[in-house]
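These notes concern the structure reproduced below.
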Amino acid sequence: MTTQSQPALQIRRKHPLAIRWMHWVNFPLLFTMIWSGILIYWADSVPYIGHWNRVYRVGIGSHTLFRFFPNWFYSALHVPWKLTTGLGYHFLFMWLFALNGIAYIAYLTFSGAWRDLLPTRHALRDAWYIFLYDLHLRKEAPLHHKYNAAQRIAYTIVILMGAASCVTGLAIWKPTSLHWITTLCGGYETARWLHFWLTMGFVAFFLIHVSQVVLAGWNNFRSMVGGDELVTLDVPAPGRKEEPLA
């Protein structure tokens, strides 16, 4: 008996409502935190204040290789002289950002969804294979369920980055009354340095995440909006019975 397979589409549930809700709520919250943070860091960019280049620069010792957010950047976005506006938005939205993160962790914990998210013991190896597959240097990507190995690693790191941003933010906000947190972060200046580079990490993750969503196609994006995705299945079709050769 010979059979042939034919493609068939099936609607499959991928993301529950809670995950989708917290995912989309987190986007404007994180955007507002980054934007208001830029308004705040503008004050640190003014040379006469005395902190010029200390946080957002890459260099060796006193020698600066390049500096983030030059003057033309601030001027183009009309950032100067909006320090109090940035502080107000930052201190308001930080609570919403933290509460959304706590709700997300609580949902992962009590629903058991963390099993789909945490990296497995072979995650690094499989993530490397996925990287080679994306570069078209490998024919087949490793098998995965809801998230592949690279996604598991990236999403877990982002969760830890969110927690670290909250901790370093508290260390900067209340360095006296929460001095024990500031001390754990290595001091006020170190907490500011960590807070800034965590923000740069979020920006890098966002750019990579959006590019991967575009490459994955509409079906992947639709699953994060409506919760369902279309899956192509190979359904065996009946063939004709062949007579044995004489």
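Just wondering, is there one or more residues in the range 139-147 that are surrounded by 18 or more Cβ atoms within 10 Å (Cβ to Cβ), of a type outside the set (S, T, N, Q) and closer than 30 Å to V25 by Cβ? So far as the range 139-147 goes, no, none of its residues is surrounded by 18 or more Cβ atoms within 10 Å (Cβ to Cβ), of a type outside the set (S, T, N, Q) and closer than 30 Å to V25 by Cβ. Of the listed requirements (1) modelled with pLDDT of 95 or more; (2) under 30 Å from W114 (Cα atoms); (3) over 14 Å from the mean Cα position of the chain (by Cα), W180 misses just one: (2). Being polar (S, T, N, Q) and at pLDDT below 75 is the filter; apply it to the range 53-101 and report the residue that is least open to solvent (accessible area, probe 1.4 Å). Among them, the one singled out is N53. Filtering the range 1-23 to residues that are touching a helix residue (DSSP H, G or I) at 6+ places or on another chain (Cβ under 8 Å) and either basic (K, R) or at pLDDT 90 or above (or both) leaves K14, A18, I19, R20, M22, H23. Scanning the range 111-138 for residues that are open to solvent by 60 Å² or more (accessible area, probe 1.4 Å), free of Cβ contacts under 8 Å to residues at least 12 places away in the same chain and of a type in the set (A, V, I, L, M, F, W, C) returns W114, W128, L135, L137.
Within the range 171-204, the residues that satisfy the criterion of being in a helix (DSSP H, G or I) and more than 23 Å from F68 (Cβ to Cβ) are H179, W180, I181, T182, T183, L184.
Every residue in the range 140-199 that is in contact (Cβ under 8 Å) with a residue 60 or more places away in the chain, under 24 Å from G227 (Cβ atoms) and of a type in the set (D, E, K, R), please. Listed by number, the list holds a single entry, K146. Quick check on A154: is it assigned to a helix (DSSP H, G or I) and either open to solvent by less than 80 Å² (accessible area, probe 1.4 Å) or of a type in the set (D, E) (or both)? Here the answer is yes, as A154 does meet what is asked.
Of all residues in the range 76-110, those satisfying the criterion of being more than 11 Å from L29 (Cα to Cα) and either in a loop (DSSP other than H, G, I, E, B) or among the hydroxyl-bearing types (S, T, Y) (or both) are L77, H78, V79, P80, W81, K82, T84, T85, Y104, Y107, T109.
The values are calculated or read from the model by the stated rules, or taken from the named source; none is laboratory data. Small disclaimer: the values here were computed from a predicted structure and weren't measured. Glycine also receives a Cβ, built like all others from the backbone with ideal geometry; neighbour counts cover every protein chain displayed. Side chains included, ligands, DNA and RNA excluded: accessible areas come from the protein's heavy atoms. Shrake-Rupley method; radii C 1.70, N 1.55, O 1.52, S 1.80 Å.
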